[in-house]
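Encoded as structure tokens, the structure appears first; notes follow it.
The values are calculated or read from the model by the stated rules, or taken from the named source; none is laboratory data. What you are looking at is a predicted structure, and each value in this text was computed from that prediction instead of being measured. With ideal geometry, Cβ positions are generated from the backbone for all residues, glycine too; neighbour counts draw on all protein chains shown. Quick note on the areas: whole protein, heavy atoms, side chains included, nothing else; ligands and nucleic acids left out. Shrake-Rupley method; radii C 1.70, N 1.55, O 1.52, S 1.80 Å.
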Amino acid sequence: MSTHEAAHAAPEASDAPEARGAGAPVRFDTKIAVLLREDLETWQRLNVTAFLVSGLGSQCPEVIGEPYEDADAVGYLPMFRQPVLVFEGTKETLTAAHARVLSRALPRALFTSDLFTTGNDRDNRAAVRAVATADLDLVGLAVYGPKNAVDKVLKGARMHP
């Protein structure tokens, strides 16, 4: 099974809470991570993170948990079944991570500086499509996959403060 196929496979037994006893720690064989360029303003970091993780949730259904319900039976949308780890790094760190995520064929989402000037999905896609892969001015990258592979992609990045 390729890394790409493994990343899209059903969750491992250790990922499935119902496969463990009540109260046992939940451990995941996979990781969801966002890498942000360190020079972004606060509003940009939040905006980029939100956009990036929406891509993972839409294409990797195994990352989504069950819907929520409060004590009054009011329902809420499901969220990721595991934590999203946020990292930061230099422009060079982001470029290197992008090359590694492509070489490993892991599910990924990207955000370029051009997307700060567009106002809708159609224009966002056109802005990315207009730039060659090597010339993308990356400000954010999200990746999902086996822990070890994601860790290798993020080499040189540090946890977001």
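What to note about this one:
- Size of the chain as Cα extents on the principal axes (Å, biggest first): 49, 38, 30
- When the residues GLU62, GLU69 are ordered by accessible surface, computed with a 1.4 Å probe over the protein chains alone, the sequence from largest down reads GLU69, GLU62.
- Applied to the range 70-81, the Karplus parametrisation 6.51 cos²θ - 1.76 cosθ + 1.60 on θ = phi - 60° returns per-residue 3J(HN,Hα) values of 8, 5, 9, 6, 7, x, 9, 5, x, 10, 4, 7 Hz, with x for Gly and Pro.
- For the range 74-161, fraction of C-alpha pairs farther apart than 16 Å, in %: 59 percent
- For the residues VAL34, VAL139, VAL84, a GNM of the chain with alpha-carbon springs under 10 Å puts the largest fluctuation on VAL84.
- Among the trypsin sites (Lys or Arg not before Pro) in the range 68-155, those located in a DSSP loop and surrounded by at most 14 other Cβ atoms within 10 Å of their own Cβ are LYS155.
- Cα principal axis extents for the range 30-74, largest first, Å: 43, 24, 16
- Set of lysines with alpha-carbon distance to LYS91 below 19 Å, sequence-local pairs under 8 removed: LYS152, LYS155
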